[in-house]
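The values are calculated or read from the model by the stated rules, or taken from the named source; none is laboratory data. Here the structure is a predicted model, which means the values were calculated and not measured. Cβ coordinates were reconstructed from backbone atoms using ideal geometry, including for glycine residues, and neighbour counts include every protein chain displayed. Accessible surface areas use protein heavy atoms only, side chains included; no ligands, DNA or RNA. Shrake-Rupley method; radii C 1.70, N 1.55, O 1.52, S 1.80 Å.
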Amino acid sequence: EANIAAYWYQRALETPGIDQETELALRYDLGVAQESAGESKSALSSFQQVYAMNIDYRDVADRIASLQKHAPV
């Protein structure tokens, strides 16, 4: 249920006062859920936000490259 997971990750990101590491993890997991749900454009946006905060976070650069490579022209 990737759509449901994405919804809850988005809700969690609205929690006041979350620290940067938690925000990075939530945004990354949101991107994974969006990608699994077939929402490539939204996933790319989520991963780009993670990349902007920490370019070395997990495999975010590879995920961005993969999504951009397979994005419709």
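Run the numbers for residue 40 and residue 15: contour at 0.36 nm per residue of separation, minus the present Cα-Cα distance, in nm. Spell out each step's value before the answer.
Numbers: separation 25, 0.36 × 25 = 9.00 nm, distance 2.47 nm.
Contour length minus Cα-Cα distance gives 6.5 nm.
Only one of the values [x] 21, 56, 22, 0; [y] 22, 53, 23, 2; [z] 18, 27, 21, 16, 10, 6, 2, 0 was calculated from this structure for P(r) over Cα pairs in 10 Å bins from 0, in percent; name its label.
Recomputing P(r) over Cα pairs in 10 Å bins from 0, in percent here gives the entry labelled [y].
Using a probe of 1.4 angstrom, how much of the accessible area of the chain is carbon and sulfur, in percent?
Here it works out to 50 percent.
Per residue, how large is the accessible surface of the chain? Use a 1.4 angstrom probe and give square angstrom.
65
Sum up the charges of everything whose Cβ sits under 10 Å from the Cβ of residue 2, counting Lys and Arg as +1 and Asp and Glu as -1, but leave residue 2 out.
-3
Within a Cβ distance under 14 Å of residue 14, other residues only, what is the Lys/Arg minus Asp/Glu net charge?
Net charge around residue 14: +1.
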